[in-house]
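Below is one structure, written out as structure tokens, with a few remarks after it.
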Amino acid sequence: MKSPAECNSIEEVRAAIDAIDHEVVTALGLRAQYVKAITRFKKTAEDVHAPVRQATVIRQRRAWAAEVGLDPDVVEKVYRLLIDHFVAEELKDLQLVETDHS
């Protein structure tokens, strides 16, 4: 893939963006698999919500964003959306497990 400065047309830039977005979505899919795997180690809703872990994740992602010149507020919003989604999914899985053991 050409660097942004080496692109000579809007099509080249868009193709690169599409390729990067595909990698991002693939990485999110992999992240989802790990989230699914972690539910094996969580037994309660408190384990799922893990506020200390969430705060650590947000703080670290904000720092990573700043390191690469991204707006930390935007990156935080993205990660809060992801975390909220995955927490909801984990809670659904936890309910299934609790139901299975009843």
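Cβ contacts < 6 Å: first residue at pLDDT below 95, restricted to region 27-40; second residue of a type outside the set (Asp, Glu), any location; separation 6+ or different chain. Result?
Final answer for the pair search is Val35/Phe86.
Quickly run through region 43-82 and pick out the residues that are closer than 19 Å to Leu28 by Cβ and of a type in the set (Gly, Ala, Ser).
Result: Ala65, single match.
I'm trying to understand the selection: among the residues of region 49-93, which are outside any helix (DSSP H, G or I), surrounded by fewer than 12 Cβ atoms within 10 Å (Cβ to Cβ) and aliphatic (A, V, I, L, M)?
Val68
Would you check if there is a residue in region 5-12 being surrounded by 10 or more Cβ atoms within 10 Å (Cβ to Cβ) and touching a residue at least 12 places away in the same chain (Cβ under 8 Å)?
Taking every residue of region 5-12 in turn, none turns out to be surrounded by 10 or more Cβ atoms within 10 Å (Cβ to Cβ) and touching a residue at least 12 places away in the same chain (Cβ under 8 Å).
With respect to the numbered conditions (1) surrounded by fewer than 11 Cβ atoms within 10 Å (Cβ to Cβ); (2) assigned to a helix (DSSP H, G or I), which one is the sole condition not fulfilled by Ile20?
(1)
With respect to the numbered conditions (1) more than 16 Å from His85 (Cβ to Cβ); (2) loosely packed, with under 10 Cβ neighbours inside 10 Å, which one is the sole condition not fulfilled by Gly29?
The number of the failed condition is (1).
Hey, among the residues in region 32-48 that are among the hydrophobic types (A, V, I, L, M, F, W, C) and surrounded by 12 or more Cβ atoms within 10 Å (Cβ to Cβ), which one's farthest from the chain's Cα centre (by Cα)?
Ranking the qualifying residues of region 32-48, first place goes to Ala45.
The values are calculated or read from the model by the stated rules, or taken from the named source; none is laboratory data. Bear in mind that the values here come from a model prediction, so they are computed numbers and not experimental data. All Cβ positions, glycine included, derive from the backbone under ideal geometry; neighbour counts span all protein chains shown.
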